[in-house]
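Trainee: The following block contains the structure, expressed as structure tokens.
The values are calculated or read from the model by the stated rules, or taken from the named source; none is laboratory data. On a predicted model such as this, the values are computed, not experimentally measured, just so you know. Quick reminder, even Gly has a Cβ in these numbers, built from the backbone with ideal geometry, and neighbours come from all protein chains shown. When the accessible area is computed, the model is the full protein with side chains, heavy atoms only, and any ligands, DNA or RNA have been set aside. Shrake-Rupley method; radii C 1.70, N 1.55, O 1.52, S 1.80 Å.
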Amino acid sequence: MSRDFTYGGSPAHIVFGQGKSATAADWVNKLGCSRALVLSTPQQKGDAEALAAKLGPLAAGVFAGAVMHTPVDVTETAMKVVAETRADCVVALGGGSTTGLGKAIAYRTDMPQIVIPTTYAGSEVTAILGQTEGGRKTTVRHESILPEVVIYDPALTLGLPVGMSVTSGLNAMAHAVEGLYAQDRNPISTLMAVEGLRAFKTSLPGIIATPAAPDLRGDALYGAWLCGTVLGTVGMALHHKICHTLGGTFDTPHADTHAIMLAHTAAYNAVSVSDLLAPVAGIFGGSVGGGLWDFAREIGAPLGLRDLGLTEADLDRAAEIATENPYWNPRPIDRKSIRALLQDAWEGRRPE
Ligand code: NAD
């Protein structure tokens with residue numbers, strides 16, 4: 001077999017294990033910092049305050065104002081708190097929204113970041129920041145955005161609601177599926193993608209039955225790290241383009257949109273790269289799209305875009321935007337095919 005690839009390992013420190021969030025203080029010290037600003041959403045303020053209490057004198061304060069899609073005005077408010085508290089690093093406790101705020105602060109200050117992820121979105125291992133201003137989302141990629149330390153502690157994810165666990169898991173799986181056919185994939189990104197998909201295949205059904213099982217939560221978080229690393233390493237294609245279009249233009253919820261679209265975009269691309277997607281069919285059974293759709297249904301994921309408030313008329317506009325400046329994709333795309341794919345996803349039909 002002829003091999004031709006480029007591989008660059010991530011410089012981030014990954015710490016994994018039950019109860020390991022207790023090591024946050026050690027990491028603040030190791031980073032040469034002494035004033036950590038703890039970040040969270042308003043919903044996770046209690047956990048952020050508990051973490052700040054554990055950090056003791058190393059905590060400069062708590063900012064619990066993170067919201068979805070990293071609005072620039074929220075970052076500006078947080079930057080005032082950074083100045084007032086004389087913070088020299090951030091500790092982000094939460095999902096992609098809180099991680100996004102930490103990244104936005106780091107991008108402006110080059111401050112070190114410690115992230116303690118509590119969903120499976122995977123933002124914590126990418127150097128990508130999406131910000132919104134005036135209703136427009138822009139994406140930047142910069143080395144200052146990649147968090148220096150990520151602490152995966154299953155104990156903090158036991159209370160992630162089952163519905164959110166399911167959609168967040170499928171969101172992560174989408175990074176892996178697109179990573180399998182990425183133009184710039186390498187042997188390690190492919191290994192990570194396959195292992196990440198396996199981790200979710202076994203853990204998500206168990207989490208539905210036993211949401212507070214630490215080992216299952218650990219397996220899902222392990223999958224999140226693997227799939228997130230794939231997202232941070234290689235380029236994404238049609239699936240992410242459509243999800244960004246739907247989220248950006250129609251404000252559909254991030255994880256739910258990924259969860260619904262995954263089976264349809266994978267089925268579409270399997271026509272061209274069935275060899276590269278063979279591991280997906282192997283893990284989930286049957287065809288690539290059918291196997292992913294059956295799995296999503298089995299774990300109770302939303303199946304139809306119409307359940308997210310999207311109207312059938314919105315699909316024309318979505319197909320237009322998604323095909324305007326397309327990302328590279330293994331199968332050529334045209335408006336008619338994407339409109340048909342969106343129709344299936346809107347109706348929640350099983351892809352053939
Ligand atoms: P989120 O961070 O918005 O979290 C959703 C809600 O769940 C919030 O209210 C949060 O407080 C709550 N929550 C999170 N963890 C919890 C827990 N363990 N228990 C109880 N409640 C909990 O959702 P998300 O899907 O993780 O992140 C979505 C955002 O992340 C989007 O803005 C998306 O664009 C971004 N994202 C960015 C990247 C990247 O690489 N830049 C990657 C993936 C996602």
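Trainee: Using only the alpha-carbon atoms of the stretch 1-99, report the extent along each of the three principal axes, biggest first, to the nearest angstrom.
Mentor: 57, 31, 25
Trainee: Let me have the relative contact order for the chain, percent, based on Cα pairs under 8 Å that are six or more residues apart.
Mentor: Working: 695 pairs, mean separation 50.9, N = 352.
About 14 percent, as a whole number.
Trainee: Still on this structure, I have one more. May I ask you to give the percent of accessible area on the chain that is carbon plus sulfur, with a probe radius of 1.4 Å? If you can, show how the numbers build up before the last one.
Mentor: On the way: 7600 of 14480 Å².
Answer for the chain is 53 percent, counting heavy atoms of protein chains only.
Trainee: Could you tally up the Lys pairs in the chain with alpha carbons closer than 27 Å? Skip any pair fewer than 8 positions apart unless they're on separate chains.
Mentor: Taking the Cα cut-off of 27 Å, the pair count is 23.
Trainee: Please report Rg over Rh for the chain, where both radii come from the alpha carbon positions and Rh follows the Kirkwood definition.
Mentor: Details: Rg = 19.6 Å, Rh = 20.4 Å.
Using Cα coordinates only, the ratio equals 0.96.
Trainee: Farthest toward the dipole's positive end in the chain, which of LEU262, SER123, ALA83, given Cβ charges of +1 (Lys, Arg) and -1 (Asp, Glu) about the Cα centre?
Mentor: ALA83
Trainee: Next up: Students often check this: by mean Cβ neighbours within 10 Å, which of 282-291, 309-318 ranks highest, and how do the rest follow? Please list the in-between numbers first.
Mentor: Numbers: 282-291: 19.3, 309-318: 14.9.
Ranked by mean Cβ neighbours within 10 Å, highest first: 282-291, 309-318.
Trainee: Additional query: Can you give me the accessible area per residue for the stretch 122-214, using a 1.4 Å probe, in Å²?
Mentor: It amounts to 37 Å² per residue over the stretch 122-214.
Trainee: Right, next: Take each of the peptides 219-226, 274-281, 192-199, average the number of other beta-carbon atoms within 10 Å over its residues, and list them starting from the highest.
Mentor: Details: 219-226: 24.6, 274-281: 17.8, 192-199: 22.9.
The densest-packed peptide leads the list: 219-226, 192-199, 274-281.
Trainee: Report the full-extension gain for the segment GLN18 to LYS137: residue separation times 0.36 nm, less the Cα-Cα distance, to one decimal in nm.
Mentor: Working: separation 119, 0.36 × 119 = 42.84 nm, distance 3.53 nm.
Taking GLN18 through LYS137 to full extension adds about 39.3 nm, to one decimal.
Trainee: Three principal axis extents, largest first, for the C-alpha atoms of the stretch 162-347, in Å?
Mentor: Largest first, the stretch 162-347 extends 44, 35, 28 Å along its Cα principal axes.
Trainee: Then there's this: Rank by packing, highest mean first: peptides 5-14, 54-63, 159-168, with packing defined as the count of other Cβ atoms within 10 Å averaged across residues.
Mentor: Working: 5-14: 11.0, 54-63: 17.8, 159-168: 19.8.
Descending packing order for the listed peptides: 159-168, 54-63, 5-14.
Trainee: Determine the gain in length on full extension of the stretch ASP184-GLU76; use 0.36 nm per residue of separation and subtract their C-alpha separation, reporting nm with one decimal. Working shown, then result.
Mentor: Details: separation 108, 0.36 × 108 = 38.88 nm, distance 3.53 nm.
So the extension gain works out to 35.4 nm.
Trainee: How much length is gained on full extension from ALA53 to ALA313, taking 0.36 nm per residue of separation minus their Cα-Cα distance? All intermediate terms of the calculation are to be shown ahead of the outcome.
Mentor: On the way: separation 260, 0.36 × 260 = 93.60 nm, distance 5.07 nm.
Extending this stretch completely gives an extra 88.5 nm.
Trainee: For the chain, just give the cysteines left without a disulfide-compatible partner, judged by no other Cys Cβ under 4.7 Å.
Mentor: So far as the 4.7 Å Cβ criterion goes, CYS227, CYS243 stand without a partner in the chain.
Trainee: Residues of the stretch 311-336 with the amide nitrogen closer than 16 Å to a label point 7 Å from the Cα of SER274, along Cα-to-Cβ, please.
Mentor: What the label zone holds, given the 16 Å backbone N cut-off, is 331.
Trainee: Explain nothing, just compute: Karplus ³J(HN,Hα) = 6.51 cos²θ - 1.76 cosθ + 1.60, θ = phi - 60°, for every residue of the stretch 84-98 in order, whole Hz, x for Gly and Pro.
Mentor: 4, 8, 6, 5, 10, 7, 10, 10, 9, 10, x, x, x, 5, 6
Trainee: Could you state the number of Å between the C-alpha centres of the stretch 216-256 and the stretch 269-316?
Mentor: That distance is 14 Å.
Trainee: Work out from phi, with θ = phi - 60° and the Karplus expression 6.51 cos²θ - 1.76 cosθ + 1.60, the ³J(HN,Hα) of each residue of the stretch 222-237, listed in order in whole Hz, and give x for Gly and Pro.
Mentor: 4, x, 4, 4, 4, 5, x, 5, 4, 4, x, 9, 10, x, 9, 10
Trainee: For the stretch 1-156, what proportion of DSSP beta bridges, expressed in % and rounded to the nearest 5, is antiparallel?
Mentor: So the antiparallel bridges amount to about 25 percent of the total.
Trainee: Rounded, prolate or oblate: pick one for the stretch 261-352, where a ≥ b ≥ c are the square roots of the eigenvalues of its C-alpha gyration tensor, a/c under 1.5 means rounded, and failing that, prolate if a/b is larger than b/c, else oblate. Numbers along the way, then the final one.
Mentor: Numbers: a/c = 2.65, a/b = 1.20, b/c = 2.21.
Taking the square roots of the gyration eigenvalues as a ≥ b ≥ c, the stretch 261-352 is oblate.
Trainee: Shifting gears a bit: Mean residue ellipticity at 222 nm from the helices of the chain, using -39,500 (n - 2.57) per DSSP H segment of n ≥ 4 over the full residue count, to the nearest 500 deg cm²/dmol?
Mentor: Details: 13 runs with 180 residues, N = 352.
Dividing the helical sum by the residues of the chain leaves -16500 deg cm²/dmol.
Trainee: Still on this structure, please answer the following. Classify the stretch 113-263 from the C-alpha gyration tensor, please: rounded if a/c falls under 1.5, else prolate or oblate depending on whether a/b exceeds b/c.
Mentor: Values: a/c = 1.38, a/b = 1.29, b/c = 1.07.
Note, shape of the stretch 113-263 comes out rounded.
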